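Report on the following structure.
The values are calculated or read from the model by the stated rules, or taken from the named source; none is laboratory data. All values derive from a computational prediction rather than experimental measurement. Every residue, glycine among them, receives a Cβ derived from its backbone with ideal geometry; neighbour counts consider all protein chains shown.
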Amino acid sequence: METVKSASCLIAISGPPGVGKTTLANELKKGLQDKSLAVSSVHWDDVLASLNITRDLDRDLIYSTTKKLIDIVTIKLNEESPDVVIIDGVFVYDDELKWIENLASKFSYFRFYQLQCSLSNQIQRNNTRDPFDILPEERLFEVNNDFKLQTYKISTSEIINADKSIEYNISIMLEDLLYATDRNHDNITLTENWSDGVKSRFSSDDLISLNEKILFSKESKDTLLLNSYFNLDGYENAFIEFFNNNLCAGIKIRAKYINKESVFLKKITHLELQGKINLRIIDCWKNPQIIIRQNLGFESYVASFPTRLKRTIARNSSAWKDLNLKTEYSSANDMRALELYSKALAIDDNSWKSTEKSNMRSLNREDLQYVPFFNNSPANCSLVITSINNRPEAFSLMMRTSLSGKWFAVKWGCSDRGKKHSLGIYTLRQHVEALWQERLTDDLGKSLYIDLWGRNSAIYDQFSNHSNDRCHLEITKL
């Protein structure tokens, strides 16, 4: 844990010889440096060359080279503290994948890209390499077969089609890094609108400020609740200072929806290793996310739905057509946004959630949390209401920090009648499609990212095509 000095990312690029790994790694490095990020890169072929070994390449030599590459990365991480480290190599054996995944535990974010392209392109690219680097065609066939024999899978892996242009693949990878990592500028719970919402829900006597953005609310005389979530990287030192200087032994802080791979949590974990706190992970889960690629589109996303969701939609499609459904959408300049929000609250209050005291008004007036966004940043609010015969029955509310930012699904629900007709599914699908169409209209040239902010939601899990690890935790001062 002590090796983590910043919100560093590890990017590993794998694939057969001639697929374009090093070229892609170099171009990705340039793209990240253009974003003012400090980037280090280590190429497997360069590590092998540095060993000055003349014998034929076998598994033992491959293993020793990969281990040497990992040693070099560890040194760079300690001495240079880069924002991003990029490694590229074939990485075809299961043991190599396990070593790389272990290396990734030293980083706050890890993405493993496996490049694939047609064999004809591999052969063509192989023949254009330096004469000393050209591999026999039988070796290309052998490595491609080895990839088919892989049994170990890295959870953060993603296939990249290397037959596509370098420019296209770089744009995809850059978006993954800048959006999917939950960088703080995309975190709605670290905004003034969010802190204003928290202040409207609790009395000043029940709030303690870490800074102007992060607030604790008092749950009891010995427990504080952290009201900011997700990725709090960059605030870990202020949090630790607050914890050490302002709290007595035995005081607890509950933190919810924290990204498991964040530097924030790694630093807190290190405090436990030093014997200063007791850290208890209350729950941990795969947080569902949606990513719709810019050149794939909404229909491709829908086609990837699991069979269960497709069947639910197909089973209800004819009924939806007969129900006289009306869908209303809030827009950037819609003066009726708060009126639509009142409809959403009415749905929430008249549903099964109200009976269970889990509707917004019952949860410490959560309904007030989102009002500052509507008042101050309407362009960053998106609300969809579905009605049957003009009676609101389902809603979906999403928010973001900026026009190019990630959307967060803050609330979603339906009435008892809406639930009977699966209008929650209908409304969420309509909402995702509307956000996709809006992105096309705005010509932002970006993929669509939605953090579904879900926990143990079967519907959200079915809509998601990506995920990250999140947890609830409790920290007690010793």
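Tabulated data
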{"item": "Test result for I154, outside any loop (DSSP other than H, G, I, E, B) and surrounded by 12 or more Cβ atoms within 10 Å (Cβ to Cβ)", "result": "no"}
{"item": "All positions within the range 353-371 that are of a type in the set (S, T, N, Q) and either in a helix (DSSP H, G or I) or under 15 Å from K419 (Cβ atoms) (or both)", "result": "S354, T355, S358, N359, S362"}
{"item": "Residues located in the range 168-197, provided they are at pLDDT below 80 and touching a Phe, Trp or Tyr at 6+ places or on another chain (Cβ under 6 Å)", "result": "Y179, T181, D182"}
{"item": "Selection status of F239, at positive phi and aromatic (F, W, Y)", "result": "no"}
{"item": "Elements of type helices (runs of 4 or more DSSP H) contained in the range 228-322, each with 1 or more residues being farther than 30 Å from I172 by Cβ", "result": "236-246, 263-273, 307-322"}
{"item": "Residue under evaluation R125, criteria (1) of a type in the set (K, R); (2) touching a residue at least 40 places away in the same chain (Cβ under 8 Å); (3) outside any helix (DSSP H, G or I), criterion not met", "result": "(3)"}
{"item": "Pair list, Cβ < 8 Å and 6+ apart or interchain, from the range 270-297 residues that are closer than 14 Å to I450 by Cα to residues that are part of a strand (DSSP E or B) and of a type in the set (G, A, S)", "result": "N287/S467; P288/S467; Q289/S467"}
{"item": "Which numbered condition N245 fails, given (1) surrounded by fewer than 16 Cβ atoms within 10 Å (Cβ to Cβ); (2) modelled with pLDDT under 90; (3) within 23 Å of the chain's Cα centre (by Cα)", "result": "(3)"}
{"item": "Out of L69, L103, L77, sole residue that is among the hydrophobic types (A, V, I, L, M, F, W, C) and modelled with pLDDT under 90", "result": "L77"}
{"item": "N126 over 26 Å from S36 (Cβ atoms) and surrounded by fewer than 17 Cβ atoms within 10 Å (Cβ to Cβ)", "result": "no"}
{"item": "Filter pass, S200 being of a type in the set (S, T, Y), in a helix (DSSP H, G or I) and modelled with pLDDT under 95", "result": "no"}
{"item": "Entirely in the range 372-478, the helices (runs of 4 or more DSSP H) that have 3 or more residues that are crowded, with 23+ Cβ neighbours inside 10 Å", "result": "423-442"}
{"item": "Residue within the range 443-457 that is more than 18 Å from L383 (Cα to Cα) and modelled with pLDDT of 90 or more present", "result": "yes"}
{"item": "Check on Y152, assigned by TED's automatic domain parsing to the domain that holds G15 and either touching an Asp or Glu at 6+ places or on another chain (Cβ under 9 Å) or not small (G, A, S) (or both)", "result": "yes"}
{"item": "Hits in the range 210-223 (condition: outside any loop (DSSP other than H, G, I, E, B), surrounded by 14 or more Cβ atoms within 10 Å (Cβ to Cβ) and not hydrophobic (A, V, I, L, M, F, W, C))", "result": "S217, K218, E219, T223"}
{"item": "Count - residues of the range 421-437 that are at pLDDT below 95 and farther than 13 Å from E299 by Cα", "result": "1"}
{"item": "Candidates L265, L271, filtered to the one that is over 20 Å from the mean Cα position of the chain (by Cα) and crowded, with 17+ Cβ neighbours inside 10 Å", "result": "L271"}
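Residue-wise test of (1) touching a residue at least 12 places away in the same chain (Cβ under 8 Å); (2) of a type outside the set (S, T, N, Q); (3) part of a loop (DSSP other than H, G, I, E, B); (4) assigned by TED's automatic domain parsing to the domain that holds T151.
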position	(1), (2), (3), (4)
N26	yes, no, no, yes
S40	yes, no, no, yes
D71	no, yes, no, yes
V85	yes, yes, no, yes
V92	yes, yes, yes, yes
